[in-house]
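No value in this document is a laboratory result; all are computed from the given coordinates. Quick caveat, the model's predicted, so the values are computed rather than measured. Using ideal geometry, Cβ is built from the backbone for each residue, glycine included, and neighbour counts are taken over all protein chains shown.
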Amino acid sequence: MIARTTSLALLLTATAPAFGDDAPDPVVAEGEADGAILAYPASFFTEFSPVTARDMINRLPGFSLSDGNTNRRGLADAFGNLLINGQRPSDKTLGLGTVLQRIPADQVVRIELIREPLPEYEMRGYSQLANVILVEGSGMRASFQHTLTRNNSSRLASAMESSITRPVGSGELTLGLNWEVWGPSNDRSVFTETPDGVRLSREHYNDQRRYREIEPSISYSGPIGENTRLRVNANAEFVAWRRIISGFAYDGADQPEAYIEQANDERSWRAGLSSTLEHDWSDGLSSTTTFLLTRSDTDNGPEVESVNTLSSGVERAQVLYQNAQEETALRQSFDWTLSEAHSLTFGAEAAFNALDASLALFEDTGGGFVPIPLPVSDTRVEEVRGELFADTVWVISEAFSLEGGLRYEYSEISQSGPAGQARTFTYLKPRASVTWRPGDQRRLRVGIERNVDQLDFGNFASSVDLNSDQVDVGNPDYRPQTDWTLEAEFEQRFNEDASLTLTLGRVWVQDLDDYIAIITPTDVFDAPGNIGDGALNRITLDWTSPLGWLGLRNATLDGFAEWYDSSIEDPVTGVDRAWSGVAEWEFRFDFRQTFPAAQMAWGWDYSYRSDRSTYRVSRFTNFEQPAGDLDLYVETTRWFGLTTRLGADFVLDTTERQDRIVYDGSRADGVERYRQRRYFDNGPQIFLSIRGAF
C-alpha cells in the first residue's frame, strides 16, 4: 500500500510544470538567504474562501501546525511551530488552533514560511515555522463557530467556540467562551469462544453517554513601556460526564444468561494561568520570562457494574477514583544575536508537579460490598525538576545552516504511601541538525537528538477499567524511556503551491515503556514498566498537490503516508515483536475544491491505519478498523459573510474490532483459555457548522 501511495504522490508531482496555471498568486522569496523564507500574501488564500487565520494556515503548502508536546510537564516542550508577528503567541494554556481561530482572515497581511534555521527565530527543533503577519491597529474583532451534530442515536450534540478582542490602552484584551454538549451512543458486541472455535457466550450492549463542558478564558497582550511586552492567559474548564452501558449476555446455545448494567459519573475541573514577559535590552539581546500555574481535580464514581444472572442472582463491582494534579513552572531565557549569521539562546527552568490519587475497588457477591486490596491504590507523587539549556543557530552560507542545542535535566521524584520512595534522575539531552538548500526549491535536513520521556504520574497509581476487565497496578520503580533519533528530511517544492517531503528516521530506544508483570502474594497484575531496548524505522511522505493539470481548477489534494518497522524482545516470550500500539503503516488524503464565483466548496478526507497490537502478561489484543474513516462536506460563504458547512463524518462502516487471546497463565506457556471478538459500532454522524469572524 505504501508503494502504491508513493507512486501516486510521484505522479502528482511529476507534472509540476502544469501547477503554475492553477496557482492563485506568485510567492516571493525573502529573508536572510534567498528562499529561506517564503512569503504567501493574503491573496494567495482567496480561492479557499478563508474566514479565519486558521483556515489559511490549514492551506499553507507543505506545513502542518503543531502545538508542541503540551502533555509534558513544564514549558520546555510546549512551544509550537507558529509565530504571530514574529513572536510565539501561546505558552501551554491556550492551543494554537484557538489562537488562529480568533483572528479574522482579513486581518492577515501575509503568512511567512520559515524553511530553515535563521538567527532571528527560535526554531526549537522544528524544521519549519509559520509566521502570521497581521494588520497593524486592527481594532475590535470577534469570531465564533457553532456546530450541531446528529449521531446514530438521533441525538443532537452542540459545540460553540466564541471570542471577542478589543483594544485596551496600547494592548488587546480577549474574552473567550467554549462549550459543548454531547450525547453519543454506540453498540458493542462480545463473542467468547474456546481456542477450538466453540462459542461459549455472546454479549450485546448499548453504550449511552452524556457529556457537558464549558471553558471560559481571558487573555491580554500589550507593551509595557518602550521595550517590554506582556502576555497573560487564564482559562478554566468544567466537565460533567455520565455513562450507562446495558445489555444481555447469552450462553453458547444463545439462551439468555444475564442482564448487565454499568453506570458511571465523573466530574472534573481544570484551571490555568500563564504569563510571558519579553524585554529588549539592546538591539542584539532580549529576554523572556514565562510563568505557568495549573490545577485540576477529577472525581470519578461510584462506577458500578451489576451482573444479574438468571441462575445465581446479582453480583456487583464498584470503583471509586479521585485524583488532583498541580503544576508550577518558571522559565527564564535570553536571546543573544551575535551577528547577522549567528544567535544564541540560553536559560533555565524550574518546576514543581504533584499528583494525589486514590482508588478503591469493591465486590458484592450477595452479602454486601467487600473491599478488594490493590497495590499502590492510595498515593501522592511529587516532582521537583530543573533544567539548564542552550540553543544556537548559525547560518554558515546561503546553502548551509546549523542548529544545535544542549539541555541538562535534573528531576527528583518522591512517592508517599506503602510504596513510598524517592529517586533522582539526571540527563543530558543534546540535539543538532544541518540544513542544506542547493536551490530555492529543494531542502535537505539531517538531524540527531536524544529524547528523554517524562514519567507519567498516572503510572505510579493503580487503575481499574471495568469495560475491558482490566486491573493495572501502579509501579513506583519504572524509569523514563530514552532514545536517540536520527532523521533525514528532503523537501521538493514546485511553483511554490505544491510540495513533496520525504522523511527517513531511525530510533534507538532504551527502557521502552510498556507493561510488565507485578507479582503479589494473591495475584499477578499488569503494570506499566520498562521492557528493554529496541529500535524503530520510519518512512514518512507528505505532499500538497494542486490538481489543475487534471482539469480540476481550484482543487488541491494533500496527502500523508507513513510506514513503521519496530522491534523489541518480548519480556514474556523472549521473541522479537513490534512495539505495543504501533501500526505498521497509515495514510491520509485531504481533497478540497472551491468555486469562487458560486461561493461554494466541497471536499473529503480519508484516513486508514493498519492493525496494531498490545501485549500483556496473559493477554494479546489486536485492534483494527477495516473500512477506515471517510468524511465529506459541502460549504458556502454566500450568506452574510459566514461559512456554512454541511457534512458527514464516519461515512463508511464504523465498526472497530478487537481480537483477544486470553491465556491460562503466562503468554510464554502458550496455553489459551479462551478467545474474544469485540465489536464497537459508533455509526455515522451528520453535522451543520456555521462560523464567522468580524
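Structure data summary
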{"item": "Residues located in region 579-609, provided they are touching a residue at least 60 places away in the same chain (Cβ under 8 Å) and closer than 29 Å to Asn537 by Cα", "result": "Trp579, Ser580, Trp585, Phe587"}
{"item": "Positions within region 439-462 being under 30 Å from Gln262 (Cβ atoms), buried (at least 19 other Cβ atoms within 10 Å of the Cβ) and out of contact with any Phe, Trp or Tyr (no Cβ under 7 Å at 6 or more places or on another chain), in sequence order", "result": "Phe457, Phe460, Ala461, Ser462"}
{"item": "Matching residues, region 626-679, being part of a strand (DSSP E or B), closer than 21 Å to Asn186 by Cβ, touching a Lys or Arg at 6+ places or on another chain (Cβ under 8 Å) and without any contact (Cβ under 8 Å) to a residue 40 or more places away in the chain", "result": "Arg657, Gln658, Asp659"}
{"item": "Of residues in region 496-519 being under 16 Å from Asp558 (Cβ atoms), crowded, with 18+ Cβ neighbours inside 10 Å and not acidic (Asp, Glu), the one farthest from the chain's Cα centre (by Cα)", "result": "Ala498"}
{"item": "Residue among Arg380, Arg479, Arg423 that alone is part of a strand (DSSP E or B), among the basic types (Lys, Arg) and in contact (Cβ under 8 Å) with a residue 12 or more places away in the chain", "result": "Arg380"}
{"item": "Hey, Leu96 over 30 Å from Leu652 (Cβ atoms), in contact (Cβ under 8 Å) with a residue 60 or more places away in the chain and in contact with a strand residue (DSSP E or B) (Cβ under 9 Å, 6 or more places away or on another chain) or not", "result": "no"}
{"item": "Condition broken by Leu83, with the remaining ones in (1) of a type outside the set (Ser, Thr, Tyr); (2) closer than 29 Å to Phe457 by Cβ; (3) touching an Asp or Glu at 6+ places or on another chain (Cβ under 9 Å) satisfied", "result": "(2)"}
{"item": "From Leu652, Leu630, residue being out of contact with any helix residue (DSSP H, G or I) (no Cβ under 9 Å at 6 or more places or on another chain), closer than 27 Å to Leu557 by Cβ, buried (at least 16 other Cβ atoms within 10 Å of the Cβ) and among the hydrophobic types (A, V, I, L, M, F, W, C)", "result": "Leu630"}
{"item": "Hits in region 108-137 (condition: charged (D, E, K, R), part of a strand (DSSP E or B) and surrounded by fewer than 18 Cβ atoms within 10 Å (Cβ to Cβ))", "result": "none"}
{"item": "Which numbered condition Leu330 misses (of (1) closer than 30 Å to Thr379 by Cα; (2) crowded, with 17+ Cβ neighbours inside 10 Å)", "result": "(2)"}
{"item": "Condition check for Gly386: touching a residue at least 12 places away in the same chain (Cβ under 8 Å), in a strand (DSSP E or B), on the phi < 0 side of the Ramachandran plot and surrounded by 17 or more Cβ atoms within 10 Å (Cβ to Cβ)", "result": "no"}
{"item": "Verdict on Gly581 being more than 30 Å from Arg150 (Cα to Cα) and either in contact with a Lys or Arg (Cβ under 9 Å, 6 or more places away or on another chain) or among the acidic types (Asp, Glu) (or both)", "result": "yes"}
{"item": "Met56, sole failed condition from (1) in a loop (DSSP other than H, G, I, E, B); (2) within 24 Å of Trp639 (Cβ to Cβ)", "result": "(1)"}
{"item": "Residue match in region 350-373 (condition: β-branched (Val, Ile, Thr) and part of a strand (DSSP E or B))", "result": "yes"}
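For (1) outside any strand (DSSP E or B); (2) buried (at least 17 other Cβ atoms within 10 Å of the Cβ); (3) touching a Pro at 6+ places or on another chain (Cβ under 9 Å); (4) small (Gly, Ala, Ser), each residue gets a yes or a no:
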| residue | (1), (2), (3), (4) |
| --- | --- |
| Gly529 | no, yes, yes, yes |
| Leu536 | no, yes, no, no |
| Leu557 | no, yes, yes, no |
| Trp563 | no, yes, no, no |
| Ser580 | yes, yes, no, yes |
| Phe589 | no, yes, no, no |
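Residue-by-condition table, conditions (1) among the charged types (D, E, K, R); (2) assigned to a strand (DSSP E or B); (3) free of Cβ contacts under 8 Å to residues at least 60 places away in the same chain:
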position: Leu273; (1), (2), (3): no, yes, no
position: Phe291; (1), (2), (3): no, yes, yes
position: Asp299; (1), (2), (3): yes, yes, yes
position: Gln318; (1), (2), (3): no, yes, yes
position: Thr337; (1), (2), (3): no, yes, no
